[in-house]
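The values are calculated or read from the model by the stated rules, or taken from the named source; none is laboratory data. Just so you know, these numbers come straight off a predicted model, no measurement behind them. Positions of Cβ are generated from backbone atoms using ideal geometry, with glycine treated the same way; all protein chains shown enter the neighbour counts. These area figures cover heavy atoms from the full protein model, side chains too; ligands, DNA and RNA do not enter into them. Shrake-Rupley method; radii C 1.70, N 1.55, O 1.52, S 1.80 Å.
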Amino acid sequence: MHPIDGRFCFTQDLLINIYMYKPLLALVAAALLFASCHHTAPQEPIRLQGQAQGTFYSIVYYDSLSRDFQPQIDSILHAFDQVASLWVDSSELQRLNRNETDVLSPMIADLFEKSSDICRYTDSAFNIFIGPLVTAWGFSFKEREELSPQRIAQLMTYTHGRWQINQNAQGQKILAKEYPQMQADFNAIAQGYTVDRIAQWLSRQGIQNYLVDVGGEVIARGAKPDGTPWKVGIERPAEDKDAAPQVELTIALRDCSVVTSGSYRKYYEKDGTRYSHTIDPATGHPVSHTLLSVSVIDPDSWRADALATAFMVMGLDKALQFIESHPQNPAVFFIYHQDGQYKTLATPEFSKLIIQ
């Protein structure tokens, strides 16, 4: 491949955005180029790129007024970090975790409420109070601990502590936690939630056709000028976290989101054992099953993000049982190892979107 006007142009006019440092998953967004490489389109796409949430974002949209929304998009991303980032010490989430406040702004209250819904829906496979365990295992901004069974049991007490959102006398929503040591972590939903906020803002500006990608969490609205859907590539799991990404397959995406969660980019090795960043709330340990990645399609990116994480926690067999017992569940694509072989499995609804 070779750069064309800051983009990567393949012989088939396929634009691929590569994210080498995505913390939770690796999904490669792709859009068919119209004005680069070989031919001229009736309308030029507007492309915005930047860094946010420890990764990269890329936005493609069509606007007859040719408006540049880069400052507004950066402002949306900055505002989210001030509310829900674990990497901003003064964020609202950090202050809640330090018990400096219990009052919730509308955005973080929405995050808690959505997370609570998915926690119940997945029987706690998705759990935002996994934070202390994530930190103890070394997947945070602190050094990992030497964990004993007693210490893991203690941390699991905080992970499974009761919590609820109440209302104070002033009508504000407040967070009530069973234990002060309970710490929320929205990393498994943050990027998907951010993608939805950007998409909603673009729609309010009258933009009908766009593709938003934050760290591989993708939402597509409308279509390209010729009426064809957006194209998005799902990454093949790499042998190690530094390997160059490769596309496993490409799907057609219109008016929905796709999010991939995987265990093959963020991990560490100790004494010959690889420890995944995905922590199972039921055991307090990193997952150790054969599932490598899960891609979920859903109308909402936040929900796809949360479900992809929950399925990674469950493993292939339990995830398939869950999908079978929930007929309204979104389309899902699994990549896994079995008997030393690399295999894939797509639900029927996902298979309909695969471009042959």
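Summary of values
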read-out	value
Test: residue in the range 1-17 that is touching a Ser or Thr at 6+ places or on another chain (Cβ under 9 Å), modelled with pLDDT of 50 or more and either crowded, with 20+ Cβ neighbours inside 10 Å or part of a loop (DSSP other than H, G, I, E, B) (or both)	no
Number of the exception - residue 60 against (1) out of contact with any Asp or Glu (no Cβ under 7 Å at 6 or more places or on another chain); (2) of a type in the set (Val, Ile, Thr); (3) over 19 Å from residue 174 (Cα atoms); (4) open to solvent by 10 Å² or more (accessible area, probe 1.4 Å)	(4)
Considering residues of the range 274-298 that are of a type outside the set (A, V, I, L, M) and touching a Pro at 6+ places or on another chain (Cβ under 8 Å) only, the residue modelled with the highest pLDDT	298
Residue count for the range 67-105, restricted to those that are farther than 21 Å from residue 191 by Cβ and open to solvent by less than 20 Å² (accessible area, probe 1.4 Å)	0
Strands (runs of 3 or more DSSP E) wholly inside the range 290-356 containing at least 2 residues that are open to solvent by 30 Å² or more (accessible area, probe 1.4 Å) and in contact (Cβ under 8 Å) with a residue 12 or more places away in the chain	331-338, 341-346
Count - residues of the range 165-182 that are part of a loop (DSSP other than H, G, I, E, B) and open to solvent by less than 50 Å² (accessible area, probe 1.4 Å)	3
Residue match in the range 197-211 (condition: of a type in the set (D, E, K, R) and assigned to a loop (DSSP other than H, G, I, E, B))	no
Scope the range 146-164; condition open to solvent by 50 Å² or more (accessible area, probe 1.4 Å), farther than 11 Å from residue 181 by Cα and not acidic (Asp, Glu); matching residues	149, 150, 151, 153, 160, 162, 163, 164
